[in-house]
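Heads up, the thing below is written out as structure tokens.
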Amino acid sequence: MSLAFSRDAKPGFHALIAGVSSYPHAPARYGMQQLTSPARTAYNIYRWLLDRKDKLAVPLASCRLLLSPSSGEERDIRSRDAQAGLSTTWSPCTLDNFQRMALEWRKAAGSSDENMTFFYFAGHGIRSSNRPSILLLEDFGNGLGNQLSRTVNAYNIPAGMVKWRPKETIAQTQFYFIDACRDYPAELDKFGIMEPSSVFDTPPSPVGKGPKVTLVFAAMPGAQAYGQGGQTVFGKALLQCLNCAVDKPTRSNGQTRWPVLSRTLCDMVRRYVDEQGTEQEVDPALAPRDVVLHYLDERPLVEVVLELNPPQARDLAQVEVSKGRVPVKNWSLPVPIPAHPYQDKIEKGIYNLSARFNPPAPPFKDYEDYLLAELPHQRVKLEF
């Protein structure tokens, strides 16, 4: 199978990305629907890695891509590929393809302890009585094997990415993002205990202290994950936060760098998803504090969105954001406000926010308070 991306980089960053929207054999009794966002979201993750290939903590060396898109997603992906001058290669996300590519991925990751790995899956997921996270692949329900034979135990993947022997090497920094539901289908009550398929053999116990693993689930055990606006909620949050999840800068060789750290990224993704108005709650199962995924090109800015209500207030209020007594660029707004809601970017921090009516315009009263600008974005609503 060909790779979506490959080059010689040692140490290198090795990615395995899978997105399943099309389930041609999905049993109706499981209540499964065809999806319209996982494959597109997986492709978006792949494109992000291509864009950041030289800004990752180690250079991108390989990317394996498994997609089972809906017809609409495939048209969109092909169109975006053409616009970018790309000809992306992927394989359908069947069990055989998934297992084969995962073994190739593990082999590539095993060339050095200094390698890094990145795994992302989007698609249907469930839990069973004995497995808390099971990933459903394209050929789920095709009638071969038991009910779970075309599924994968998500925990088996990091469990198999460890050393078996003292002199063996394997990537010691690993990221896993599982963008799938984790609810329990009542249909499973009709059967005895069944096992999903495994991807890797696992040792009785890993050799040494094991790799630093970041493991994040889009949903809590027993809960669902959602799509919104053509992407998964979790995938959209992950992409947004990958571009701004910086706690503080570092200095190296006289240069300022902006590292995206695992713990900061996980915390920000969780907050972002909480703000989306769904019942979805992210489960950051493992999030080491000091692991760098990549470096931003510059200081990240907070996108602030300002709303004023009722509409009459928008035509009369003089709005200003300031740091101390100094107005912030683009935030001393003319009257009336030129666009609503008004939005622009500012640095993370605490500011003064005021809205004054001069001359007075009863019943509206002047407003003054602090504005806490936190990444990735801040929405402010003023009610008069």
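Coordinate-derived values only; no laboratory data. Given the structure is predicted, the values throughout are model-derived calculations rather than measurements. We place every Cβ from the backbone using ideal geometry, glycine too, and count neighbours over all the protein chains shown.
Is the shape of segment 197-318 best called rounded, prolate or oblate, per the rule: a/c under 1.5 gives rounded, else a/b larger than b/c gives prolate, else oblate, with a ≥ b ≥ c the square roots of the Cα gyration tensor eigenvalues? It is oblate, given that a/c is not under 1.5 and a/b is not larger than b/c. Within straight-line reach of Lys236, meaning a Cα separation under 26 Å, sit the following lysines at least 8 residues removed in sequence or on another chain: Lys53, Lys55, Lys212, Lys248, Lys345, Lys348, Lys381. Along segment 368-380 the Karplus relation, 6.51 cos²θ - 1.76 cosθ + 1.60 evaluated at θ = phi - 60°, assigns HN-Hα couplings of 8, 6, 8, 10, 9, 8, 10, 5, x, 7, 9, 10, 10 Hz to successive residues, with x for each Gly and Pro. Remark on Thr214: its backbone amide H falls under 5 Å from those of Gln174, Phe175, Tyr176, a criterion applied only to residues 5 or more positions apart or on other chains, H modelled at 1.01 Å from N.
Distance between the C-alpha centres of segment 63-111 and segment 164-189: 19 Å, rounded to the whole angstrom. Summarising the overall dimensions of segment 262-325 from its C-alpha atoms, the Rg and Dmax are 18.0, 50 angstrom.
Using the empirical formula 2.2 N^0.38 Å as the baseline, the Cα radius of gyration of the chain reaches a ratio of 1.12.
Taking one quarter of the surface of the convex hull spanned by the alpha-carbon atoms of segment 301-383 gives a direction-averaged projected area of 4.9 nm². Listed peptides 170-178, 253-261, 346-354 appear in the order 170-178, 346-354, 253-261 once ranked by packing, highest mean of other Cβ atoms within 10 Å at the front. Once you have a ≥ b ≥ c as the square roots of the Cα gyration tensor eigenvalues for segment 66-107, tell me rounded if a/c is under 1.5, and otherwise prolate or oblate according to whether a/b is larger than b/c. It comes out oblate by the Cα gyration axes. Just report the Cα centroid separation between segment 255-321 and segment 323-341, whole Å. That distance is 21 Å.
Candidates Thr256, Gly227, Tyr272 compared by Cα position along the dipole of segment 214-326: farthest toward the positive end lies Thr256, with charges placed on Cβ. In sequence order, segment 91-102 has phi-based couplings of 10, x, 8, 8, 4, 4, 5, 4, 4, 5, 5, 5 Hz under the Karplus curve 6.51 cos²θ - 1.76 cosθ + 1.60, θ = phi - 60°, and Gly or Pro positions carry x. Applied to segment 249-255, the Karplus parametrisation 6.51 cos²θ - 1.76 cosθ + 1.60 on θ = phi - 60° returns per-residue 3J(HN,Hα) values of x, 10, 10, 8, 6, x, 10 Hz, with x for Gly and Pro.
With the highest mean first, a sort of the peptides 152-163, 18-29 on other beta-carbon atoms found within 10 angstrom per residue produces 152-163, 18-29. Rounded if a/c is under 1.5, else prolate if a/b is larger than b/c, else oblate: which is segment 132-258, with a ≥ b ≥ c the root eigenvalues of its Cα gyration tensor? It comes out oblate by the Cα gyration axes.
Peptides 323-333, 134-144, ordered by how many other C-beta atoms sit within 10 Å of their residues on average, highest first, read 134-144, 323-333. Between Arg299 and Arg7, the simple spin-label model (points 7 angstrom out along Cα→Cβ) gives 3.0 nm. Net charge around Glu281, counting only other residues with Cβ within less than 9 Å of its Cβ (Lys, Arg = +1; Asp, Glu = -1)? Around Glu281, the charge tally is -2.
Taking amide H as placed 1.01 Å from N in the peptide plane, the amide H of Tyr342 sits under 5 Å from that of Leu306, each at least 5 places away or on another chain. With the charge dipole of segment 1-103 set up from +1 on Lys and Arg Cβ and -1 on Asp and Glu Cβ about the Cα centre, the Cα lying farthest toward the positive end among the listed residues Thr41, Ser70, Ser6 is that of Ser6. At an R0 of 30 angstrom, the distance between the Cβ atoms of Trp48 and Arg165 translates into a FRET efficiency of 0.30.
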